[in-house]
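I have placed the structure first, in the form of C-alpha cells, so that the comments after it can refer back to it.
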Amino acid sequence: MTFIGKSASELADLIAKGDASSQEVTKEFFDRAEALNHKTFSYLHLNRHTAMAAAKLADDERAAGKSASALHGVPIAVKDVLTTTDAPTTSGSKILEGWMPQYDATVVRKLREARLPILGKTNMDEFAMGSSTEYSAYGPSKNPWDLERIPGGSGGGSSSAIAGHLAPLAIGSDTGGSIRFPAAVTGSVGAKPTYGAVSRYGAIALASSLDQIGPVTNTVLDAALLQDVIAGHDPHDSTSLPESLGSMADAVRKADFKGLKVGIVKQLSKDGFQEGVKELFEDTVAKLVAQGVEVVEVDCPSFEYAVAAYYLILPAEASSNLAKFDSVRFGLRVMPEGNPTIERVMAATREAGFGPEVKRRIILGTYALSSGYYDAYYGSAQKVRTLIQQDLAKAFSQVDVLITPTAPTTAFKIGEKVNDPLAMYLNDIATIPANLAGIPGISVPNGLAKEDGLPSGVQVLAPAKQDAQMYRVGALIEQLYVAEWGAPLIAKAPNLEVL
Amino acid sequence: MSEITPDLVRHLASLARILVTDEEVETLAGELSVIVDSVAKVNEAVSGDVVATSHPIPMANVFREDVIIPSLTQEQALSAAPDAFDGRFKVNAILDED
C-alpha cells in the first residue's frame, strides 16, 4: 500500500484503525521528500531522526489506546517562518542562517502535542516578502505542475510540498495572500483563518496587524482538521481571540446548500484577470447557481485602494519588526574593518544579511513613517482599511460569503516578474482585502486554465470569526468539482518522479 | 512623479541602519519612485472624517494576572548571540573614539 496521494483525513483514519502506522506513513513521505526535494526545493531543512522519533511516539501512544487529535500520526511540513527548537529557523533569510531558536512557536507546540510528526521546514520568500519564493535567500521553489514556474509565495515551499506530495499536510502564513495565492497556483487548498484565530507566538513577524498562520492541504476537510488542531486562545499572543470559533471539521461534514447566499465582488471579477482564470470563475458561479444558490453582485469600491494601502501598512510594520535583526542578540554579525561603532556593525550586517526586496520594503516603510509623510501615507492607508471594512460589512449584510478568483493569473515563469516589484505586488490583488479587514479566506481549486493547462483557484471570504461558514462553502465548491472530476484536482498533477 | 532622490534613499537607509552601496541607491531611487507614485493613490480615497484602523479585530485592554512565569535562562538567551561576555551581549563601542 502506498500512502502518497491520500488525503490527510484518509491517512488519519488508516492510522486510527491500526491499518497503518505513523512510522510507515512518515517514512514514505520522508523518503519521497528526500528523493524529490532537488526538483521542487520545497524544503530548506529535513530531519529524518526527529520526524521518525515523533512518529514512533505517535505509534506508542496509539498502541496504548491514546489519540491526541483527529490527525494523530499524520506527518506535516512547517513553513520556516515558525520557530522550532530542533531545527534551524531562517525565515528564508541569510541574516538568520543556522539560527536554532530556544523556544517552539505555539503552533509548533500544538502540532507536537497533537502528535503530527514534523518532516521539515519549508522554503519561503525572505521574511515572507514576495509571491513567488524567488526572494528566498536560498533560491526559488518550483511548481510541481511545471518546474519552470513559480509555486506562488511567500509559502511556495509548503504549496509545492503539498502539490508534489512531499507532505500530506503543511503550515503556511498569510500576510497578504501567502497561503492562498500559492494554493491557487499549485491546485492545493489554503486557508487564512480570522486574524487572531491562530496564535502568532513564535511566528517571525512580517506585519503584525496582518499576519495569520493557517493550513495548506490537499482537501478542504484536511484544512479544517488542521485548523482545529492549531487554533485557540494563547496567552503568549495578546491579539489571540479569547473565544473558540468551533469545529471547522464539523462545518465541512455538515455542509449543505440550504439558504446559501453568495456575493461576487464587482471590483474583483472583471479587469486584470487572465481569460482562462475568469472563465473558470464563471464556471464556479454557474455550478453554484445550478444548485439553487442565490448569487448577487456586491459593490466594494474601496477594494480599488487595497493594494496601495497594503504596500504602505506592510512596509511600515515590517520596518519596525525587522529592526530586531541588529547583530546583537542573534543571527548574523558582519564586522567592517578597523574599529567600527556598533551602528556601523549593524548597518554592515543588515546590508549583507538582507536581500533586495527586504531592503526595498524596509526603506519604503521608513519613508511612510517619516515625519511629514506619516499622515499622507501611513495615516491614509489606515483609513482605507476602515473603508474596506465598511464595504465588507455592507456586503455581508446581503450575503453569507463572497467569492472571487484567488489569483489574477496561473503560475508565471520563474524570472518573469522578479525585476518588476509593482507587477509582483499585483498578484495579491484579490487576497489582500481579507488581511486588511482581518476576515477569513480560503482558496479551493476550480480547474485548469484553457491557455496553459495550469491550476486556478476560487477564493471564499466570510465575515470575521465565521471561519465555519468559509469552510462550509469551500467544501461545497470542492464537492461540485470532485463530482465532475472523480478526484481532487491535485490528482491530475504530473508525476514528479519523471519530470 | 514623487521625489525619491538618491540623497533621500541614502538618508532613509541610514535611518534604517542599512549600509547601501551607490549602485543600490540608484536602483532603489528609481524603484521606490514608481512604488510611491502608485501607493499615493490612498489619498484619493479618504477624507478627514474617516477613522483610522490599526488593528483588524477590535480588542482593548488585554491583561493577564501579574504572576511570574518561566522564561529563557540567561544562558539560553545568550546562546545565539554573535558575541557574549560575562553573561551579557558583547558589542562594539557606541561612540567613535574621536
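The values are calculated or read from the model by the stated rules, or taken from the named source; none is laboratory data. Predicted model, so just to flag it, every value in this text is computed and none were measured. Cβ placement follows ideal geometry from the backbone for every residue including glycine, while neighbour counts extend to all protein chains displayed.
In the set (1) assigned to a loop (DSSP other than H, G, I, E, B); (2) at pLDDT 95 or above; (3) of a type outside the set (Ser, Thr, Tyr); (4) surrounded by fewer than 22 Cβ atoms within 10 Å (Cβ to Cβ), residue A:348 fails one condition alone, (1).
From the list A:431, A:404, A:409, which residue is under 30 Å from residue A:290 (Cα atoms), hydroxyl-bearing (Ser, Thr, Tyr), surrounded by fewer than 24 Cβ atoms within 10 Å (Cβ to Cβ) and in contact (Cβ under 8 Å) with a residue 40 or more places away in the chain?
On the way: A:431 fails: surrounded by fewer than 24 Cβ atoms within 10 Å (Cβ to Cβ); A:404 fails: surrounded by fewer than 24 Cβ atoms within 10 Å (Cβ to Cβ).
Residue meeting the stated conditions: A:409.
Given the condition touching an Asp or Glu at 6+ places or on another chain (Cβ under 6 Å) and assigned to a loop (DSSP other than H, G, I, E, B), answer yes or no: does some residue in segment A:297-308 qualify? Within segment A:297-308, one or more residues are touching an Asp or Glu at 6+ places or on another chain (Cβ under 6 Å) and assigned to a loop (DSSP other than H, G, I, E, B).
Scan segment A:57-115 for residues that are under 21 Å from residue A:175 (Cα atoms), of a type in the set (Gly, Ala, Ser) and touching a helix residue (DSSP H, G or I) at 6+ places or on another chain (Cβ under 7 Å) and the total you get is 4. When A:352, A:306, A:316, A:347 are checked against the criterion of being small (Gly, Ala, Ser) and free of Cβ contacts under 8 Å to residues at least 40 places away in the same chain, A:347 stands alone in meeting it.
Taking segment B:21-98 as the region of interest, the helices (runs of 4 or more DSSP H) fully inside it that hold 1 or more residues being within 9 Å of another protein chain (Cβ to nearest Cβ), within 30 Å of residue A:390 (Cα to Cα) and not basic (Lys, Arg) are B:22-39, B:42-45. Could you please let me know if residue A:366 is within 25 Å of residue A:476 (Cβ to Cβ) and in contact (Cβ under 8 Å) with a residue 12 or more places away in the chain? The answer is no for residue A:366. Within segment A:382-401, is there a residue that is within 14 Å of chain B (Cβ to nearest Cβ), without any contact (Cβ under 8 Å) to a residue 60 or more places away in the chain and under 28 Å from residue B:28 (Cβ atoms)? So far as segment A:382-401 goes, yes, one or more of its residues are within 14 Å of chain B (Cβ to nearest Cβ), without any contact (Cβ under 8 Å) to a residue 60 or more places away in the chain and under 28 Å from residue B:28 (Cβ atoms).
Against the numbered list (1) within 26 Å of the chain's Cα centre (by Cα); (2) more than 24 Å from residue A:129 (Cα to Cα); (3) of a type outside the set (Phe, Trp, Tyr); (4) not in a helix (DSSP H, G or I), residue A:393 comes up short only at (4).
Screening the candidates A:110, A:192 for the property of being within 14 Å of chain B (Cβ to nearest Cβ) and closer than 21 Å to residue A:9 by Cβ yields one hit, A:192. The single condition from (1) part of a loop (DSSP other than H, G, I, E, B); (2) more than 7 Å from every other protein chain (Cβ to nearest Cβ) that residue B:14 fails is (1).
Close contacts from segment B:70-85, counting a first residue that is over 22 Å from residue A:235 (Cα atoms) and a second that is of a type in the set (A, V, I, L, M, F, W, C) and in a strand (DSSP E or B), with Cβ to Cβ under 9 Å and a gap of 6+ residues or different chains, come to B:78/B:84; B:78/B:89; B:81/B:89; B:82/B:89; B:83/B:89.
Mind telling me which of the residues A:240, A:269, A:327 ends up being among the polar types (S, T, N, Q) and either out of contact with any strand residue (DSSP E or B) (no Cβ under 9 Å at 6 or more places or on another chain) or surrounded by 23 or more Cβ atoms within 10 Å (Cβ to Cβ) (or both)? Steps first, answer last, please.
Values: A:240 fails: either out of contact with any strand residue (DSSP E or B) (no Cβ under 9 Å at 6 or more places or on another chain) or surrounded by 23 or more Cβ atoms within 10 Å (Cβ to Cβ) (or both); A:269 fails: either out of contact with any strand residue (DSSP E or B) (no Cβ under 9 Å at 6 or more places or on another chain) or surrounded by 23 or more Cβ atoms within 10 Å (Cβ to Cβ) (or both).
From the options A:240, A:269, A:327, the qualifying one is A:327.
Annotation note: of A:436, A:422, A:448, the sole residue that is closer than 21 Å to residue A:272 by Cβ and without any contact (Cβ under 8 Å) to a residue 24 or more places away in the chain is A:422.
Can you go through A:167, A:191, A:183, A:161 and tell me which one is assigned to a loop (DSSP other than H, G, I, E, B) and buried (at least 24 other Cβ atoms within 10 Å of the Cβ)?
The match here is A:167.
Inspection of segment A:411-428 identifies at least one residue that is at pLDDT 95 or above, among the basic types (Lys, Arg) and under 25 Å from residue A:360 (Cα atoms). Of all residues in segment A:479-491, those that are outside any loop (DSSP other than H, G, I, E, B) have Cβ atoms under 9 Å from Cβ atoms of residues that are surrounded by fewer than 18 Cβ atoms within 10 Å (Cβ to Cβ) and small (Gly, Ala, Ser), 6 or more apart or on another chain, in A:480/A:290; A:485/A:491; A:490/A:5; A:491/A:5.
When every residue of segment A:330-343 is checked against the conditions, at least one turns out to be in contact with a Leu (Cβ under 7 Å, 6 or more places away or on another chain), in contact (Cβ under 8 Å) with a residue 24 or more places away in the chain, closer than 23 Å to residue A:205 by Cα and crowded, with 18+ Cβ neighbours inside 10 Å. Of all residues in segment A:341-381, those satisfying the criterion of being of a type in the set (Asp, Glu) and either on the phi > 0 side of the Ramachandran plot or more than 9 Å from chain B (Cβ to nearest Cβ) (or both) are A:357, A:375.
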